[in-house]
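Trainee: One structure, as structure tokens, below. Some questions next.
What follows draws every value from the coordinates through simple rules; no lab data is involved. Predicted model only: the values in this text are computed from it and were never measured. Positions of Cβ are generated from backbone atoms using ideal geometry, with glycine treated the same way; all protein chains shown enter the neighbour counts.
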Amino acid sequence: MEFLVQTQNLSKSYPRADGGTVDAVKNVNLEIYKGEIFSLLGPNGAGKTTMIAMISGLIPPTTGDAIIGGYSITKQPLKAKQLIGYIPQEIALYPELNARQNLRFFGQLYGLRGKELDQRVDEVLELIDLTDRQKDRVENFSGGMKRRVNIGAGLLHKPQLIYMDEPTVGIDPQSRRRILDTVKLLRDEQGATILYTTHLMEEAQELSDRVGIMDHGEIIALGTQDELTQRVGEDDRLEFQIGAQAVSDALMARLQHEVATVTRVLYTPPEAVNGSDQSTPAHLTIFAGRGRTALPGLIHGLSEAGVEIQAVEVREPDLEAVFLALTGRALRD
């Protein structure tokens, strides 16, 4: 398969007040195939936003380069950027204009004029399913409809690479479903390559041809979902919602020792679940072979230690299990 995006030792460092440097991205070498949906996942501070900003030409790399469709983002930035459609998380529209006027405005920024512009606006309106509302002012749209116009604005120039930054944040389930279907349609019917970021693991699992997991400025895992889930083996994941009391390292080690199939125990305190609110439950994530068989022993061990168990769920190996196993954090952290 042919690559559309290649990064070559892409790095970004920032100076610190003490004279040192912070390495936000460290020598990343990454390839994204033409016509695939590639999801880049990482906890907050992992470096993914910085890396995407360099690929998009928004900030210069400290070292290395990104090649988009054969064009260097550092040496041929205009040609490379012409191939990119950027769909930001924030709504970037003019609320006093209607949907069609907004799309015409952004189309003109891309150099479209006359019949070509009108034809392309018609195509995009049909794609985002807003033809019947095209003359309504955007300020009167629901959040989901605004997001669909936002997506349409990034598609007018028929970009080869479409970067979507959490496009379903804060919208209703029906609008979210439409957007996810549109993403797949762009790949399947128009051959677009999509770089997708999300905090919702179920979206990544549904959409992605391949996934990259980033942490501490590096790509720590890359592959299809099947390839990545093989990295955590056959372990089930047992999710315990527990009281706000702390769980000691000694207790976690004892659980792992006494229940033979347990391979890893992760504790998330209340403040990590919901900021500074100490009244919220904590979470305990336990990886174990044959999770349902291990469950009685784990419940006994936790209860004996005085841990209040409020809820428990047994989940089979999935992309979220990979993420937890590799980073020690949930995607929302």
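Trainee: Using the Cα centre as the reference, give the magnitude of the dipole from point charges on the C-beta atoms of the range 232-274 (Lys, Arg: +1; Asp, Glu: -1; all else neutral), rounded to the nearest 20 debye. Walk me through the intermediate numbers first.
Mentor: Values: 3 positive and 7 negative charges, 21 e Å.
Magnitude of the dipole: close to 100 debye.
Trainee: Dipole of the range 234-316, Cα-centred, from +1 at each Lys and Arg C-beta and -1 at each Asp and Glu C-beta, to the nearest 20 debye?
Mentor: Values: 6 positive and 12 negative charges, 34 e Å.
The dipole magnitude comes to about 160 debye.
Trainee: Determine the calculated [θ] at 222 nm for the chain from helices alone, applying -39500 (n - 2.57) to every DSSP H run no shorter than 4 residues and normalising by the residue count; nearest 500 deg cm²/dmol. Before the final figure, lay out each step's value.
Mentor: Numbers: 12 runs with 116 residues, N = 333.
Only helices count here, giving -10000 deg cm²/dmol.
Trainee: Then there is this: Can you report the principal axis dimensions of the chain using only the alpha carbons, biggest first, rounded to whole angstrom?
Mentor: For the chain, the Cα spread along each principal axis is 75, 46, 43 Å.
Trainee: Here's another thing I want to ask about it. Among the listed pairs Lys26/Lys75; Lys12/Lys75; Lys12/Lys146; Lys34/Lys81; Lys48/Lys79, give every one whose C-alpha distance is greater than 25 Å.
Mentor: Working: Lys26/Lys75 21 Å; Lys12/Lys75 17 Å; Lys12/Lys146 33 Å; Lys34/Lys81 16 Å; Lys48/Lys79 23 Å.
Beyond 25 Å between Cα atoms: Lys12/Lys146.
Trainee: Now for a separate question. Output ³J(HN,Hα) for the range 213-224: one whole-Hz value per residue in order, computed from phi by the Karplus curve 6.51 cos²θ - 1.76 cosθ + 1.60 with θ = phi - 60°, and x for Gly and Pro.
Mentor: 10, 10, 7, 6, x, 10, 7, 9, 7, 8, x, 6
Trainee: Place the peptides 119-132, 302-315 in order of packing, highest mean first, counting for every residue the other Cβ atoms within 10 Å and averaging per peptide. Don't skip to the end; give the middle numbers.
Mentor: Values: 119-132: 16.7, 302-315: 13.4.
Result, highest mean first: 119-132, 302-315.
Trainee: Which of Gly42, Gly212, Gly20 ends up with the largest GNM mean-square fluctuation for the chain, with Cα atoms connected below 10 Å?
Mentor: Gly20
Trainee: Then there is this: Which is farthest toward the positive dipole end of the chain among His283, Ala246, Gly217, measuring Cα position about the Cα centre, with Cβ charges +1 (Lys, Arg) and -1 (Asp, Glu)?
Mentor: Final value for the positive-end residue is Gly217.
Trainee: Next question. Under unit Cβ charges (Lys, Arg +1; Asp, Glu -1), what dipole magnitude, rounded to 20 debye, does the chain have relative to its Cα centre?
Mentor: So the magnitude is around 1200 debye.
Trainee: With both partners inside the chain, how many of the DSSP beta bridges are antiparallel, as a percent to the nearest 5?
Mentor: Values: 41 of 57 bridges.
The antiparallel proportion sits near 70 percent.
Trainee: Here's another thing I want to ask about it. Mind listing the phi-derived Karplus ³J(HN,Hα) values for the range 88-103, rounded to whole Hz, using 6.51, -1.76 and 1.60 with θ = phi - 60°, and x for any glycine or proline?
Mentor: After applying 6.51 cos²θ - 1.76 cosθ + 1.60, I find x, 5, 6, 6, 10, 10, 9, x, 7, 9, 7, 4, 5, 4, 4, 5 Hz.
Trainee: Per residue of the range 235-246, what does 6.51 cos²θ - 1.76 cosθ + 1.60 with θ = phi - 60° give for ³J(HN,Hα)? Whole Hz please, x for Gly and Pro, Karplus curve as stated.
Mentor: In residue order, the calculated couplings are 5, 7, 10, 9, 9, 9, 9, 10, x, 6, 5, 6 Hz.
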